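Just below is one structure, and these are the notes that go with it.
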Amino acid sequence: MNIFFHNIADNLEVETDEPLFGSLEQAVEIFHNLPDYDGSYLGLVNTDGNVVQISKYDRFLFLIEIPIYEQQGAYSVLFTYFQVMDLLAKLYQGFDPYDIPGLNFDKYIEE
C-alpha cells in the first residue's frame with residue numbers, strides 16, 4: 001500500500017501525487033503522530049488506485065474520505081479511533097474501501 005500524509009505540526013509531508021510504499025505499522029505510526037490541527041491527514045492508495053484519506057474531525061471522531069475528483073466530490077463517513085484502527089488493518093488485507101459502512105457522497109463546495 002502506498003502512503004501520503006501531511007503533518008502540519010512537524011512540517012512533514014509526502015505529496016498526494018507521489019505516495020511512498022509503506023507498511024501497516026508505518027501507517028499506524030503516522031496516524032498516531034498526526035496533530036489535532038486542521039489540515040493534517042493520512043492517505044492510503046491501494047493497488048487499484050483507490051485513495052482513502054483520514055483526518056481528525058473533532059476531539060473524538062475522524063473523517064474518512066474517498067475523493068472522486070472526476071465527480072468533484074468524495075464519499076465520506078465519520079469513525080471513532082477504534083474504527084479507524086480496524087479500517088487500517090482491513091485495508092492492508094485488501095478490503096475494498098467502497099465497502100466501508102455508512103459512506104455518503106457529497107459534492108465539493110463550488111465557489
Which listed residue is out of contact with any Lys or Arg (no Cβ under 6 Å at 6 or more places or on another chain), of a type in the set (A, V, I, L, M, F, W, C) and under 14 Å from PHE4 (Cα atoms), from LEU34, LEU103:
LEU34
Verdict on LEU63 being under 20 Å from LEU103 (Cβ atoms), within 14 Å of the chain's Cα centre (by Cα) and touching a residue at least 12 places away in the same chain (Cβ under 8 Å)
yes
Would region 86-104 turn up any residue that is in contact (Cβ under 8 Å) with a residue 12 or more places away in the chain, over 13 Å from the mean Cα position of the chain (by Cα) and in a strand (DSSP E or B)?
yes
Are any of the residues in region 66-80 at pLDDT 95 or above, surrounded by fewer than 13 Cβ atoms within 10 Å (Cβ to Cβ) and outside any strand (DSSP E or B)?
yes
How many residues does region 10-29 hold that are touching a Gly at 6+ places or on another chain (Cβ under 8 Å) and at pLDDT 90 or above?
1
Could you please give the count of residues in region 37-62 that are of a type outside the set (D, E, K, R), out of contact with any helix residue (DSSP H, G or I) (no Cβ under 6 Å at 6 or more places or on another chain), within 12 Å of ASN2 (Cβ to Cβ) and assigned to a loop (DSSP other than H, G, I, E, B)?
3
From the list LEU42, LEU20, LEU12, LEU88, which residue is touching a His at 6+ places or on another chain (Cβ under 9 Å) and over 22 Å from PHE105 (Cβ atoms)?
LEU12
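The values are calculated or read from the model by the stated rules, or taken from the named source; none is laboratory data. Just so we're clear, the structure is a prediction, and the values are computed from it rather than from any experiment. Every residue, glycine as well, gets a Cβ built from its backbone with ideal geometry; the counts of neighbours run over all protein chains shown.
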